[in-house]
């Protein structure tokens with residue numbers, strides 16, 4: 001499929017995908033971001049974007065940490 005050539009009309013109807021895309025232009029609700037926070041007994045705190053990453057890091061540290069799920 002070829003991409004359109006030339007300027008795009010800024011007044012055209014947005015597709016459902018475009019309406020749901022996050023942007024930094026303000027005015028709309030942004031998507032929630034889930035962060036997995038690993039806290040180790042020595043006070044070290046690390047943040048990961050997936051449970052698997054946090055769990056793997058916890059296992060590497062001996063499995064003694066706590067993983068907290070944070071929705072931002």
Tally, over region 30-42, of residues that are closer than 16 Å to residue 72 by Cβ and surrounded by fewer than 11 Cβ atoms within 10 Å (Cβ to Cβ): 4
Close pairs (6 angstrom Cβ cut-off, 6 or more residues apart or separate chains): surrounded by 11 or more Cβ atoms within 10 Å (Cβ to Cβ) in region 43-70, part of a helix (DSSP H, G or I) and modelled with pLDDT of 95 or more anywhere: 48/54; 65/58; 67/54
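The values are calculated or read from the model by the stated rules, or taken from the named source; none is laboratory data. For clarity, every value in this text was computed on a predicted model and none was experimentally measured. Using ideal geometry, Cβ is built from the backbone for each residue, glycine included, and neighbour counts are taken over all protein chains shown.
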